[in-house]
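Below: one structure, written as structure tokens.
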Amino acid sequence: MASTITGAQALVKILEAEGVKQVFGYPGGAVLPIYDALLDSEIEHVLVRHEQGSVHMANGYARTSGQVGVCMATSGPGATNLVTGIATAYMDSVPVVIITGQVATSMVGTDAFQEVDITGITIPITKHNYLVKETKDIPRIMKEAFHIARSGRPGPVLVDIPKDVASDICIAEPSDKVELRGYKPNYKGHPQQIERALKMINQSQKPVIYVGGGVINSRATEQLLEFAEKAQIPVTTTLMGLGSFPENHKLSLRMLGLHGTPFANYAVTQADLLIGLGVRFDDRVTGAIEKFAPQAKIIHIDIDPAEIGKNVGVDVPIVGDLRLVLIDLISKLEPQEHSEWLEQIRRWKAEHPLQYGQGGKLRPQYVMEKLGELTNHNALVTSDVGQHQMWAAQYYAFERPRGFLTSGGLGTMGYGFPAAIGAQMADRDALVVAVTGDGSFQMAMQEMGTAVEQDLPIKIMLFNNNCLALVRQLQHFYCDKRYTAVNFTGNPDFAKFAECYNAVGLKIETPEQVEPVLKEALNNGKLTIIEVKISEEELVLPMVPNARGLDEMVEFPYGEE
Amino acid sequence: MKHTLSVLVENRPGVLTRIAGLFARRGFNINSLAVGETEDPEVSRMTIVVDGEDERIIEQVTKQLNKLVDVIKLNDITQDEFVDRELIMIKVCCDSSNRAEIIQIVDIFRARIVDMGRNTVIIEATGDGGKVSAIETSLKPFGIKELVRTGKVALVRGAKNRHNE
Ligand SMILES: Cc1ncc(C[n+]2csc(CCOP(=O)(O)OP(=O)(O)O)c2C)c(N)n1
């Protein structure tokens, strides 16, 4: 290979070799050489409106496609604007490679203009990061970055490249092999532990499978279905696991935890065996940890050994790739029945369904239910953070993996819309719906410009209560209804806001409008905001109060209903 | 119980920050940490002493450390046969009236006097944690002006080495 390419050109070559189609980014001085090199490549650059948007888009792209998402920003403020998005990707184990420009090496450490120690800042929120000191290291480091981001438990990797390092001549040949002696994920489950797990499963009368995002990351959803059906074990999912198991399936308990279904929470509380697949026993799932699954033995299967035994003691730990472990388990498992247990669950489902107020009011839960119906539970739904997020999780009824993108671990408002942009870029044919609230949307609505430029027919379903209503709900329960700092009196007319971007703006104000307006929006092939006007007084129920066990949830009806 | 972790890491800038940051962030306590290059200049060895009554905390510490890409190998050598040493330097007040007594203590501990000023001496000693603390206690009555300890370094005894341990 001729050795007259620059570091930036070498970097672009690696991006091409890694199959990158799009880079989401925002330029600036320190990253100029990389932008210049990118101009000569087939790789498309998507110009965003705020760097935070770029990393959320890369996140949405990655979660939709299963490939590594890539974003790029300049030094200093460009890099710091990425921080929330990087932490979001880290908490949800999303493979993203983040490239930042840095001031020239001679200036590093001098508080130069737009210098910030972004590798220092992001140590706790990246799987790994690099400050590239020499141009010849660019090919190796970029290869490593992609490898680390996508393998094992996926996560974000940041590569910080000083301007001179990018523009100098690169003498290194790109190598195909990645050699990292300190990084060797374990994929194959230990056979002895698998035997022990099988024994436990055989002995169990009341087993529950508890599934998280790891099942989607390891592409194990088919195996999960086969395993659950063969063993006749009911399945509950976390927020991140939604869609990994079809929610209309007879064995589905739907979501568990803080705002989970009563039947999922009862089942987990009464279970004698809990099989955790790609989960981390997060506090939103467990409620008071000492009251979580008190009678259950626990089998925990995860690719990340550090998750096992972190929050709860585990009886059978299995470190490995879920897909491989499930294949092993399925092959050795005898078909089972558990008819008594399933009958009990059927009764719970009948006696404690998800419910919401009827009456003449426009109910957000009804709107989400309708959206599920009209899209065959198969749209690609993203959400922001708030009550609307929980209604999406509770009422859409997800039928397919990668069908729900939400910020589960960090709970980042402003995630949903940019994630929808990334998702639609990854799958141009998908029907993408961004479920959001007036609070969350206003943290990311500048990306309308990006969506217009890219000609993306995303449906933004905006539940407008002129309120940060999930926080209001917390004040309702925990602050004696002393509401503060939750009302917006200066909201724009969101339908008009859409129109000033040449997008479509629609409104839903009555229950009768739900179906026709949704149909219109879903079929118009255009970027559309559907503003759904709802009351700020809605509550997300059921809800497990602080420090309570899952079976101590507050169910419907509550208070003023 | 104190645990001694022997950790081989990439000898790169920033590695110490990653490790120290991890301890701080996750609320683990470092008792001491010593680090230096090994026979392979690309690899450093850290000896980290961790306070951990709860075995689960130690398990988390080791698992989280192992997740760092720059950590090549980690061994909890607490239960192994190992040799450990610390180095201490103590500056003590010293005049003609107590010099003989101080020198006697230095002899008993097989320590050394490495500097002598008008009113002070600097004493250097190496040994395991117990010995180093003992010499400190013995010299305290004379008036310790300054003191520095390295933290523990340790190696497992016998044929085990970093390639086969
Ligand atoms: C960036 C960020 N800031 C603050 C919060 C805390 N928070 C959680 S939900 C919420 C309100 C969300 O309001 P909105 O998007 O309108 O949704 P709603 O609850 O009204 O459906 C807030 C402020 C957060 N999750 N993320």
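The values are calculated or read from the model by the stated rules, or taken from the named source; none is laboratory data. What you see is a predicted model, and the numbers here were worked out from it, not measured in a lab. Positions of Cβ are backbone-derived with ideal geometry, glycine not excepted, and every protein chain shown enters the neighbour counts. Only protein heavy atoms, including side chains, enter the accessible area calculation; ligands, DNA and RNA are left aside. Shrake-Rupley method; radii C 1.70, N 1.55, O 1.52, S 1.80 Å.
A few points about this structure:
- Charge dipole (debye, nearest 20) of the stretch A:262-312; +1 at Cβ of Lys and Arg, -1 at Cβ of Asp and Glu: 100
- Calculated over the stretch A:284-423: convex hull of Cα atoms, volume per residue (Å³): 191
- Protein accessible area in chain A, 1.4 Å probe - carbon and sulfur %: 49
- The stretch A:165-275: relative contact order as a whole-number percent, Cα under 8 Å and 6+ apart: 26
- Working from Cα pairs under 8 Å separated by at least six residues, relative contact order for chain A is 14 percent.
- With a simple spin-label model that places each label point 7 Å from the Cα along the Cα-to-Cβ direction, the separation between residue A:203 and residue B:40 comes to 4.3 nm.
- Each listed q (0.19, 0.21, 0.30 Å⁻¹) maps to a log10 I(q)/I(0) for the stretch A:338-396 from the Debye sum over equal C-alpha point scatterers, namely -0.82, -0.89, -1.16.
- Restriction of the trypsin sites (Lys or Arg not before Pro) in the stretch A:81-154 to DSSP coil positions whose beta-carbon has at most 16 other beta-carbons within 10 angstrom yields A:133.
- Dipole magnitude of the stretch B:83-153 about its Cα centre (Cβ charges: Lys, Arg +1; Asp, Glu -1), debye to nearest 20: 60
- Sequence-separation-based contact order of chain B, relative, with Cα cut under 8 Å and 6+ spacing, percent: 26
- Restricting the trypsin sites (Lys or Arg not before Pro) of the stretch A:462-549 to loop positions (DSSP other than H, G, I, E, B) with no more than 12 neighbouring Cβ atoms within 10 Å leaves A:481, A:482.
- For the stretch A:191-351, a/c is less than 1.5, where a ≥ b ≥ c are the root eigenvalues of the C-alpha gyration tensor. That puts it in the rounded class.
- Nearest-0.05 FRET efficiency for residue A:289 and residue A:487, computed from C-beta distance (R0 35 Å): 0.50
- For the stretch A:536-553 and the stretch B:94-152, distance of Cα centres in Å: 64
- Prolate/oblate/rounded call for the stretch B:42-108, Cα gyration tensor, a/c under 1.5 rounded: prolate
- q = 0.18, 0.19 Å⁻¹, the stretch B:2-76: log10 I(q)/I(0) [Debye, one scatterer per Cα]: -0.63, -0.71
- The share of C-alpha pairs in the stretch A:7-172 whose separation exceeds 25 Å stands at 18 percent.
- Heavy-atom accessible area buried between chains A and B is around 1600 Å² (1.4 Å probe, both sides summed).
- Rg [Å, one decimal], Dmax [Å, integer] - the stretch B:40-165, C-alpha atoms: 18.9, 57
- Counting only protein heavy atoms and a 1.4 Å probe, the protein assembly as shown has 42 square angstrom of accessible area per residue.
- DSSP-defined antiparallel bridges as percent of all bridges, the stretch A:191-351, nearest 5: 0
- Stokes-Einstein diffusion for the stretch A:174-275, with the hydrodynamic radius set to the Kirkwood value over Cα pairs and evaluated at 20 °C in a medium of 1.002 mPa s, equals 141 µm²/s.
- Candidates B:100, A:38, A:464 compared by Cα position along the dipole of the protein assembly as shown: farthest toward the positive end lies B:100, with charges placed on Cβ.
- Distance between the 7 Å Cα→Cβ label points at residue A:496 and residue B:115: 7.7 nm.
- Cβ-placed point charges (K, R +1; D, E -1), dipole of chain A about Cα centre in debye, nearest 20: 860
- The alpha-carbon atoms of the stretch A:462-561 define a convex hull whose volume equals 142 cubic angstrom per residue.
- Between residue A:509 and residue A:556, the contour length at 0.36 nm per residue exceeds the alpha carbon distance by 14.5 nm.
- Label zone at residue A:477 (point 7 Å along Cα-to-Cβ), backbone N below 12 Å, the stretch A:232-276: A:257-260
- Ranking B:154, A:488, A:312 by Cα position along the charge dipole of the protein assembly as shown, where only Lys, Arg, Asp and Glu carry charges on their C-beta atoms, puts B:154 farthest toward the positive end.
- Prolate/oblate/rounded label for the stretch A:420-498 (Cα gyration tensor, a/c 1.5): prolate
- Candidate lysines - alpha carbon under 25 Å from residue A:188, same-chain residues fewer than 8 apart omitted: A:127, A:143, A:177, A:199, A:230, A:297, A:310, A:332, B:63, B:67, B:73
- Spherically averaged projected area in nm², based on the convex hull that wraps the Cα atoms of the stretch B:83-153: 4.2
- Heavy-atom accessible area, 1.4 Å probe, ligands and nucleic acids excluded: residues of the stretch B:4-19 down by at least 50 Å² from chain alone: B:18
- Rg and Dmax [Cα atoms of the stretch B:70-110; Å; Rg one decimal, Dmax integer]: 18.6, 54
- Reducing the stretch A:120-192 and the stretch A:1-46 to their Cα centroids gives an inter-centroid distance of 17 Å.
- Over chain A, all Cα pairs binned in 20 Å intervals from 0 give whole-percent P(r) values of 22, 51, 26, 1, listed from short to long.
- Förster radius 41 Å - calculated FRET efficiency between residue A:361 and residue A:226, Cβ distance, rounded to 0.05: 0.45
- Mean projected area of the Cα convex hull of the stretch A:364-533, taken over all directions, amounts to 9.5 nm².
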